[in-house]
């Protein structure tokens, strides 16, 4: 029987019962090893191409062949050697199916369902068969005659002769010890033992065997053959993060076996015990424990690799092993499969699969790049944090909500243009890149942990979040203390100064609005005949040299037609000013207190005006609401409609100034090609833009009814006050200052960081 893939699939159809009497399976007994090699090279890489060529789905072929393998009572005349090669053919189809599921669908390799079990379960059984083991050894033998790798129009180039060291390592393998370990993107990974390795450190090895059809891609074959020369580093110290390689040839790599899960499997295991994601995805908490543990281990490992003068170029969750044979509480990450994965150039770009971690220039050019590992590091940190990747490659919103510093670092790592990576992060050119990034990462992690909002919230904590201050001042104090302890460079000093400034404004807002609220409550109690004399009121009277009944100092500024007590007549001003004070405190402290548009002051006149206008507007919301509340309360109760009108207009102007800044910044960032800004509409900024029509709708009755009240043409003042108060407490307090808060912070922080990157880019261009 002539050795072709069509002959083999016809035999499979005969063995599995799809056809009867058309071919004699025993014809496979005459095939030699190089015949099988040529046939395996000819397997179509694409699932659709396989179905079109053989009129049977690859998945169906696997299911039928596995059923025959599991239930066979006879081999249809096949000799054990031929049965072993048929089993290897099935093993190859399973590996290709698993690779597609991982690359294009984001499946975990160990959970790919297949043939009523899993791809791993099928592979374990196949490799345990002695005949399949012998076929593996025969097909990968480095001493096979040169002609054994020819015979197919799609075949790879002739092999280079194996070195004596390579031949010795291969000959030392105990064939009976071979076991299936896991699937790789382009490989099947086996384990086994040798009596005495000549280059390895242990008697147990990992053998990465390329899936045969990928041997038709010369770049993959060459990278595998040269892996020892390129990445082996036999002189590497024991502490090296790269796994020690014993030998490599055109279709396999022999290396130390590192016990443990891949990083992808480790994270999947962690995710299984994580609480369900919140209904609003933007509130998904960042896994700070995983970031501290795994991110804290990843950066030192990359720093060690950098000190050895090496880089990875394919830093993905499947190429990082989390060692398990360590002391409790310690984690060590080890790197495998260094070098470019040439399948990334053939992968669909998107948030799923290992291709999402490869730098754009690597996917585009198929070659390594000095800054490719920076991109992969940023993508890995996002995954470790438990946050799904954005399809467009931008940093997810959750980081902008919880940590401006961490979002800044991730933007600086994952810029699509390698020249713009580390554009903002301060680094000493004479120091190690990853070691310095590690220090920045640890600093930002400390700030994130002091913030505390990234953690899952208990019911009590969620209840506290409903308070007007939402714990902002205390949180900023903790973060400021941490930032003060970690200042090391000029950029750190600038961030510390910014943190101090924002904290002062938050503290000022809290003091002013809580004092205003105390005034309202005190005046309301006077209306109701409930009187108490607070010490600070007495002190104000003594300082002013006033004495008498009531609150003499404050009553001096009260208008003559403003009676106290007058419970019913003063009820409108009390309701409106109290609800306005509560909303204003929550709005500033929960939404705007940690926003700034001047992280880096733009040099352009127009951009500078927009940034300053937005910043002035944001800070004005810390002071002006207290003025709008205090004046009607202390001076003239009839001013509350005017205060309500001015307060809403002020708010609308500030929102417009912020949008003016954000829209312009994002447009300039897109024009400059900054990949940190989404190309389409930014949904988080859409939340802020939606405030404008809402405010406009409420301004109409506020202006109309307020004018009529001022002209004494309408007398239902209490009804109008209740309407305004209900708007404050029913809409602005829970929605604008509550549920919208994380979206506004994300949208504005993204724009502010884009402005900062633009300024640094302009300086670099100069």
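Read-outs throughout are calculated quantities, based only on the coordinates presented, and are distinct from any laboratory measurement. From a predicted model like this one, the values you see are computed outputs, not experimental measurements. Methodologically, a virtual Cβ is constructed for each residue, glycine included, from the backbone with ideal geometry; neighbour enumeration extends over all protein chains shown.
Taking the alpha-carbon set of segment 5-256, what are its Rg and Dmax in Å?
18.0, 61
Taking the number of other C-beta atoms within 10 Å as the exposure measure, put 211, 387 in order starting with the fewest. Kindly include the intermediate steps, with their values, before the conclusion.
On the way: 211 25, 387 20.
Ranking 211, 387 by Cβ neighbours within 10 Å, fewest first, gives 387, 211.
So how far, in whole Å, is the C-alpha centre of segment 720-748 from the one of segment 416-447?
38 Å
Could you compute how fast segment 667-726 diffuses translationally, taking Rh as the Kirkwood radius over C-alpha pairs and applying Stokes-Einstein at 25 °C with viscosity 0.890 mPa s? Give it in µm² per second.
Numbers: Rh = 14.8 Å.
So the translational diffusion coefficient is about 165 µm²/s.
Which of 707, 118, 577 has the fewest other C-beta atoms within 10 Å, and how do the rest follow up to the most?
Fewest-to-most ranking of 707, 118, 577: 707, 118, 577.
So how far apart, in nm, are the two label points at residue 269 and residue 427 if each is 7 Å from Cα heading toward Cβ?
The two pseudo-label positions are separated by 3.2 nm.
With the crude spin-label approximation of a point 7 Å out along Cα→Cβ, what separation in nm comes out for residue 365 versus residue 179?
4.3 nm
Using the Cα atoms of segment 1-143, I'd like the radius of gyration and the largest Cα-Cα distance, Dmax, both in angstrom.
Calculated on Cα positions, Rg and Dmax stand at 14.5, 42 Å.
Using only Cα atoms, locate the centre of segment 79-121 and the centre of segment 552-606, then give the distance between them in Å, rounded to an integer.
First find each Cα centre; the distance between them is then 67 Å.
To the nearest 0.05, what FRET efficiency results for residue 500 and residue 52 with a Förster distance of 56 Å applied to their C-beta separation? Please report the intermediate quantities before stating the final value.
Working: r = 67 Å, r/R0 = 1.20.
After rounding to 0.05, the efficiency reads 0.25.
I need to check one value: relative contact order of segment 645-728, counting alpha carbon pairs closer than 8 Å and at least 6 residues apart, in percent.
Numbers: 26 pairs, mean separation 30.8, N = 84.
37 percent.
Based on the Cβ-Cβ distance of residue 67 and residue 330, what FRET efficiency does E = 1/(1 + (r/R0)^6) give at R0 = 56 Å, to the nearest 0.05?
Values: r = 46 Å, r/R0 = 0.82.
Step by step, r from the Cβ atoms, then E = 0.75.
Quote the FRET efficiency, to the nearest 0.05, computed for residue 511 versus residue 219 with a Förster distance R0 of 56 Å and r equal to the Cβ-Cβ distance.
Numbers: r = 66 Å, r/R0 = 1.18.
After rounding to 0.05, the efficiency reads 0.25.
I want to check the label-to-label distance for residue 163 and residue 559. Put each point 7 Å from Cα in the C-beta direction and report it in nm to one decimal.
Modelled inter-label distance: 9.4 nm.
Mean projection of the alpha-carbon convex hull of segment 575-617 over all orientations, in nm²? Mind showing how you got there, number by number?
Working: hull surface 13.8 nm².
Mean orientational projected area (segment 575-617, Cα hull): 3.5 nm².
Taking neighbour counts of Cβ atoms within 10 Å as a proxy for exposure, in what order, fewest first, do 698, 400, 720 appear?
Working: 698 19, 400 27, 720 22.
Least to most surrounded, the residues fall as 698, 720, 400.
Could you compute Rg(Cα) / (2.2 N^0.38 Å) for segment 264-456, with N its residue count? Spell out each step's value before the answer.
Values: Rg = 15.9 Å, N = 193, 2.2 N^0.38 = 16.3 Å.
Expressed relative to 2.2 N^0.38 Å, the Cα Rg reads 0.98.
Hey, what did segment 5-256 get for relative contact order, percent, Cα under 8 Å, at least 6 apart? The partial results should precede the final answer.
On the way: 398 pairs, mean separation 42.9, N = 252.
The normalised contact order for segment 5-256 reaches 17 percent.
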